[in-house]
1. Against the condition within 17 Å of the chain's Cα centre (by Cα), modelled with pLDDT of 90 or more and not charged (D, E, K, R), how does residue 130 come out, does it pass?
2. Here are 83, 76: which of them is outside any strand (DSSP E or B) and not charged (D, E, K, R)?
3. So which residues in the range 103-117 are buried (at least 20 other Cβ atoms within 10 Å of the Cβ) and among the basic types (Lys, Arg)?
4. State which residue is surrounded by the most Cβ atoms within 10 Å (Cβ to Cβ) when the search covers only the range 133-149 and only residues that are at pLDDT below 90 and under 16 Å from residue 177 (Cβ atoms).
5. Examine the range 31-54 for a residue that is under 18 Å from residue 87 (Cβ atoms), of a type in the set (Lys, Arg), out of contact with any strand residue (DSSP E or B) (no Cβ under 9 Å at 6 or more places or on another chain) and not in a strand (DSSP E or B), and state whether such a residue exists.
6. In the range 96-110, which residues are within 22 Å of residue 122 (Cβ to Cβ) and either at pLDDT 95 or above or not charged (D, E, K, R) (or both)?
Amino acid sequence: MGRRGLPVLHTARLVLRPWRERDRAPFAAINADPEVMEFFPSTLTRPESDSMVDVFRANAKRRGFGMFAVEERETGTFLGMAGLTLPDEEAPFMPAVEIGWRFARSAWGRGFATEAAREVLTWALHGLLLPRVVSFTVYENKRSWRVMERIGLAHIDDTGRPVAAASRGQHAHLLYAVDRAALPAAMPSPRR
């Protein structure tokens, strides 16, 4: 794995693709929105947001997986991100590959996060053949843990509390995971 970059993935309504320069401004707007960033330590400045894009690009090139830019298929509108990361948290479930997402508030309530995350998870388990994918969030972030459940991740632990989050004073995390070995019932094969 690695040095391949990201493929382009399509769903009925979305395109998940590598990052482009024009994604920086709308992504920075998402990261500056206090409602979007409610469960993170703070909003991000434009330089901090741009730095994330640079890290996403470098990680995708080095590892062959990472965070995708997500756009609406019909309009080409940038909606947010979804993809895979290697968290640097110190936690009992590490090392692990984490699935995550972040969308503009204007995209909320339309099923985009679930649609994008389901495609990423299918790619991770069937395309990359990852043995396990995890996701975690604070209990209060019901929108995210509901997406985790909709895409087939199982609730594993209520105490998955990454050290970095604990040091920021955040609450205990919910940990969700899916193992490729348990798949046939949990995840359909890709429709390719």
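The values are calculated or read from the model by the stated rules, or taken from the named source; none is laboratory data. The shown structure was predicted, so the numbers you read here are calculated from the model rather than taken from an experiment. Note that each Cβ is placed from the backbone with ideal geometry, even for glycine, and that neighbours are counted across all protein chains shown.
1. Yes.
2. 76
3. none
4. 136
5. No, the range 31-54 has no match at all.
6. 96, 97, 99, 100, 101, 102, 103, 107, 110
Here's the yes/no breakdown for (1) within 26 Å of residue 136 (Cβ to Cβ); (2) surrounded by 12 or more Cβ atoms within 10 Å (Cβ to Cβ); (3) not hydroxyl-bearing (Ser, Thr, Tyr):
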site: 4; (1), (2), (3): no, yes, yes
site: 8; (1), (2), (3): no, no, yes
site: 13; (1), (2), (3): no, yes, yes
site: 24; (1), (2), (3): no, yes, yes
site: 36; (1), (2), (3): yes, yes, yes
site: 42; (1), (2), (3): yes, no, no
site: 48; (1), (2), (3): yes, yes, yes
site: 52; (1), (2), (3): yes, yes, yes
site: 58; (1), (2), (3): yes, no, yes
